[in-house]
Each structure stands twice: as C-alpha cells, then as structure tokens.
Amino acid sequence: MFLVIYMEKVIFTSSAGGHFAELLQLEELMSKFDSLIVTEKVKSSSSSKHKTKYLIYGSRNSNKLVYLFTFLINTLKSLWIYISFRPKYIVSTGVHSTVPIMIIAKLFGKKVIYIETIANVTSPTLTGKIIYKYTDLFLVQWEELLEVYPEAVYGGSIFK
C-alpha cells in the first residue's frame, strides 16, 4: 500500500511593489502547497524561490488605452495560467492585475482569499471594493477596516 499525499494547488497573486512584498510574507504558507505565484514582471518580482508566472506590468496612471490593452492581455494570460494550473484556491494581496484571475477562479467555483493591503488603515482600495463581494475570505490587517468591510476578518499584520 502506498501513502499518497495530495497537495492542494494554490495560486498566490499580487501586483508588483509593496503588494508583492506583502505576498512574500506568505512564503512559509506557500511551501505547504503546490503553489504558483502570479505577479507582474518587474525587476523586484524575481526574488521568490517559488514557481512564478508573469503578467505585464500595468499602471492605472498610464495612458488609458495602453492600460486597457494591458489589462485585456493580462486577463487572457490569467485565464491561460488558471486553466494550465487548475488551482483550488487563489490567495491575493492585490491590486488591479490580480482581479481577472480572482474573478476567473470564482466563475470556476474555486475559493478566493483576499488580503487587503496594510497601507490602507481606514479606506478601502479600489481592488478591495471590487472583489469584496466575490471572496470566500476577506482579510484586513487593520481593525478599523472592519467598519468598511463588515464581513471581513481581522487577521493582523502579515509582516513578521
């Protein structure tokens, strides 16, 4: 008789910068699953020891047409990554480039866990406002945000 250990597949996703730094705080958790990181391709996002797939960096501050084109390409890439990896869970620290893969996961009946950024103490992020109603678990790092997101769970800071 063989003992088979089934590791759940989990996508951990974030945009570049501070959101990626928050995501890396979950590396210990990542090692407990068959995990894949999905993030934007910038110099600072190549510092993880885990399997990583890259999206195109996009900023809402850029030209609107360029941003929309980038968002569309990232949505298609997210769909391809999702179908190829077939995760059971999505864990996200945001922002904009992560919305498509979270929505795709929900359309396929998978679980979405979102961690609102530590940078916002009393006001919601745009991504938080968009994804709040679609998540299975919405975590905030400040108790004050429970007033903004009444169904959220206060988890404290993810920084060690």
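Bear in mind that the values in this text are calculations on the coordinates, not laboratory data. None of the values given here were measured: they were computed from a predicted structure. Cβ coordinates were reconstructed from backbone atoms using ideal geometry, including for glycine residues, and neighbour counts include every protein chain displayed.
Some values worked out for this structure:
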read-out: Amide H contacts of Tyr57 (H built 1.01 Å from N, under 5 Å, at least 5 apart or other chain); value: Lys41
read-out: Sequence ranges 32-38, 84-90, 64-70, ranked by mean other-Cβ count within 10 angstrom, highest first; value: 32-38, 84-90, 64-70
read-out: Theoretical gain in end-to-end length, Tyr67 to Tyr134 [0.36 nm per residue, Cα-Cα removed]; value: 21.8 nm
read-out: Residues whose placed amide H lies under 5 Å from that of Ser35, excluding near-sequence neighbours; value: Val10
read-out: Cleavage-rule hits (GluC sites (Glu not before Pro)) in the range 73-160: DSSP loop, at most 12 neighbouring Cβ within 10 angstrom; value: Glu147, Glu151
read-out: Residues whose placed amide H lies under 5 Å from that of Tyr154, excluding near-sequence neighbours; value: Val140
